[in-house]
Every structure is written in C-alpha cells, then in structure tokens.
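First comes the structure, then the notes that go with it.
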Amino acid sequence: MPAMLTDVFRGHPIHLPHSHQPDFTSLRELPDSYKWTPKDDLLFAAAPSPPATGENIPLIDLDHPDAANQIGHACRTWGAFQIANHGVPLGLLQDIEFLTGSLFGLPVQRKLKAARSETGVSGYGVARIASFFNKKMWSEGFTITGSPLNDFRKLWPQLHLNYCDIVEEYEEQMKKLASKLMWLALKSLGVSEEDVEWASLNSDLNWAQAALQLNHYPVCPEPDRAMGLAAHTDSTLLTILYQNNTAGLQVSRDDLGWVTVPPVPGSLVVNVGDLFHILSNGLFKSVLHRARVNQTRARLSVAFLWGPQSDIKISPVPKLVSPVELPLYRSVTWTEYLRTKATHFNKALSMIRNHREE
Ligand SMILES: C=C1C[C@]23C[C@@]1(O)CC[C@H]2[C@@]12CCC[C@@](C)(C(=O)O1)[C@H]2[C@@H]3C(=O)O
Ligand SMILES: O=C(O)CCC(=O)C(=O)O
Ligand SMILES: [Fe+2]
C-alpha cells in the first residue's frame, strides 16, 4: 500500500505556531511580526512589476471547440487560466463557500480543537510554507485529506454530517474536472493516452488523490504591508481554485510582474503545478502565485490540490523529450516531491533536475 497523502509528513515534523494564531478581528493595528518588506518575500525571484498593461490570465469557455488549444497556450505562457462552463453546479460552489466562511467564523479555541499536528497534513493552522519565512502571514487555513469527519465533529457537533457531504460532493466534481483539464492540456501537446497510461481516461480516477485547502484572509488594518500567502508554486499536477468575490490572488509573469486575477462569478482558476511542469518536460509552467489582503473585505478561497497516488512515478513524457537531450527532470512520486519541497521549498524543482554532462 503506497503512503497516502495523509501520511506524507509522518517522520517529517514541521514546527508551526498554530497555537499563537490570533483572533484577527481583535487586531486594530498590524503587529510588527506581520509587517513584510520586499526582502521578506524573496525566496522565489518574481520579476519587478512594470507599469500594468491590463493583460490577464485568459478566461476559457470549456464548451468552446478550441478549448484544448486555448488551455495549452495558457499553460505554456501563464501556467494559469480561469474557466467558465466547467459543469460544477453553482449551488455547490455556494455551499463550499458557506462552509468555509462558517468554519473560519468559529471562535479560535474551537478551531484549535482541530489543529493540524506537526506530522499531519489535515486540520486547522497556518500554511505549511510559513516555516520558510521570518514574517507571519495574514491568513488562516484548514487542510482536508481523506475524510474530514473527525475534525468536523469537533468543529460542528451538530452539523458535521451535512458539511462532510458538501466536501465529498465537491471533491467528486473537482476530481472529474481536473482529469478533463489535464487531458485537454496534454492533447494540445499531441500526447495521447498510450503515452501516459497510468492516467487513462477510462480508469476510475483512482490513480489520483487530492487535498482540499480552505483559506481565509481576514480584513487587514494595513494591507500594503501584510502578506496573505507568500509567493509559491503548488506541488500538484493541477490546482483548481475557487475564490469568493474579493480580489487577492496574484500570478507572476516574467515580463509583466505580479498580475491580479479578478474574481469572475461562477468561474474557477486553474494553476499548473510543479508535477505538470515535470510531466510536460518544462513546456508547461508551474505558476508562481501569492495572495494579498484587503482593508475592507475578508477573502475566502478553496484550493483543490490534485496529484497522482504515491506509487506513481512522474517523469517527462518521452514524446516531449528531444532524442538528443536528457529529460529535464528525474522521475519522482508526489510523496517524494512533497517531502523535498517541505525541506527545500523554492529549490525543490532544481534538486530533481537532470544536468547535462559536460
Ligand atoms: C498536498 C499538499 C499540497 C500543499 C501541501 C499539502 O500537503 C497540503 C497543503 C498544500 C498547501 C496549500 C497552501 C499552499 C502550499 C504551498 C502549502 O503550504 O500547503 C500547498 C502545498 C503544496 O502545493 O506544496
Ligand atoms: O487564496 C488564494 O487565492 C491562493 C491559495 C493558494 O495558492 C493555495 O491554497 O495553494
Ligand atoms: Fe497555491
């Protein structure tokens, strides 16, 4: 039995100060520990922002006959895009937003009853990447892997079963959508099911697994000096993100700097993750992104972080590797990659890169 996502950090404890999580609503001033300067956010080198051009990640209609090529183009240029007509019922998006708002609206002491342990993945706390930064992030998160029943029972003694049903239905819909998106993107590169047999469309999708990350960025007294979630790439194949109607997500592009992704009601944001970058032999870009905060409106987001089961080795599709070159990366499982990232963060991709022999 391969290690499940739930067990990825067993034996790799991360010391994160969940128990010092403040009641954000009580803070009238930004404490010094939350004041970011440009040098606090330099682990990933984002390009400085030139004057805004108004360019933005594309919004792609999945019913459009050319959707596959549009997705392929977005994965190569931005590493991110938004989608409309994705088939996920609007009511379900509203339900997951309601659940997320209700969770973070609970008193801190109740949320801490479901705190993430040092070796666990699931539960309430600060983002895992917090351990790489000197300054604190203006956000709180809740990660779900496997059944949320035990945690939800502690949070909502009465309503936990209803909330579990919402999560189950949401994950089911996301799983199907993620596989559809991955294949549209791969087909745009001329990659077929014979080239990536483990991800066959005819399978029951049990080759994949996922984590659901609920994020809350409370109203912030000094948003320009605070950081909601520091710049990072996701370690996934793909991440599908729902954001409420408050802007905050920014993606980085070498020629444009940080670009804010405007919320489009009913649409979803898709990020290319590091594993898809590896699978595509570097053709698709894993997008560097971060979340800023706001002085008047709280922001919620729900990220469906999707990748392969832990016994699947991801390596560049041979068809995408030139016969005279080495593949850009060595093969790696999601578990191995998550552990590398948990230790080396921004250097994780370069650690599995093949170097040409001189
Ligand atoms: C499967 C995972 C991806 C993730 C680490 C995790 O084990 C569960 C949480 C995920 C998340 C969400 C917020 C940003 C991020 C970088 C983090 O700190 O935790 C991602 C991780 C990732 O994609 O590497
Ligand atoms: O809140 C957002 O927009 C970004 C969240 C994110 O990047 C993540 O959960 O990995
Ligand atoms: Fe992310």
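Overview of results
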quantity	calculated
Qualifying positions in the stretch 306-358 - part of a helix (DSSP H, G or I), closer than 23 Å to TRP198 by Cα, touching a residue at least 40 places away in the same chain (Cβ under 8 Å) and not aliphatic (A, V, I, L, M)	PRO318, LYS319, TRP334, THR335, TYR337, ARG339
Among (1) touching a Gly at 6+ places or on another chain (Cβ under 7 Å); (2) open to solvent by 20 Å² or more (accessible area, probe 1.4 Å); (3) not in a strand (DSSP E or B), the one test that LEU300 misses	(3)
Conditions (1) surrounded by 10 or more Cβ atoms within 10 Å (Cβ to Cβ); (2) under 13 Å from ASN134 (Cβ atoms): number failed by PRO13	(2)
Residues of the stretch 256-291 satisfying the condition of being of a type in the set (S, T, N, Q) and either farther than 16 Å from ASN56 by Cβ or more than 16 Å from ligand 3 (Cβ to nearest atom) (or both)	SER267, SER280, ASN281, SER286
Helices (runs of 4 or more DSSP H) lying entirely in the stretch 30-133 (those with 3 or more residues that are open to solvent by 60 Å² or more (accessible area, probe 1.4 Å))	67-77, 90-104
Enumeration of residues in the stretch 254-296 that are more than 27 Å from PHE133 (Cβ to Cβ), open to solvent by less than 20 Å² (accessible area, probe 1.4 Å) and more than 16 Å from ligand 1 (Cβ to nearest atom)	SER267, LEU268, SER280
Top-ranked residue in the stretch 192-247 [being without any contact (Cβ under 8 Å) to a residue 12 or more places away in the chain and not hydroxyl-bearing (Ser, Thr, Tyr); ranked as farthest from ARG339 (Cα to Cα)]	ASP224
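The values are calculated or read from the model by the stated rules, or taken from the named source; none is laboratory data. Note that the coordinates shown come from a computational prediction; the quantities given were computed from them, not determined experimentally. Neighbour counts run over all protein chains shown; Cβ positions are idealised from the backbone, glycine included. Each accessible area value is taken on the protein alone, full model and side chains, heavy atoms only, with ligands, DNA and RNA left out. Shrake-Rupley method; radii C 1.70, N 1.55, O 1.52, S 1.80 Å.
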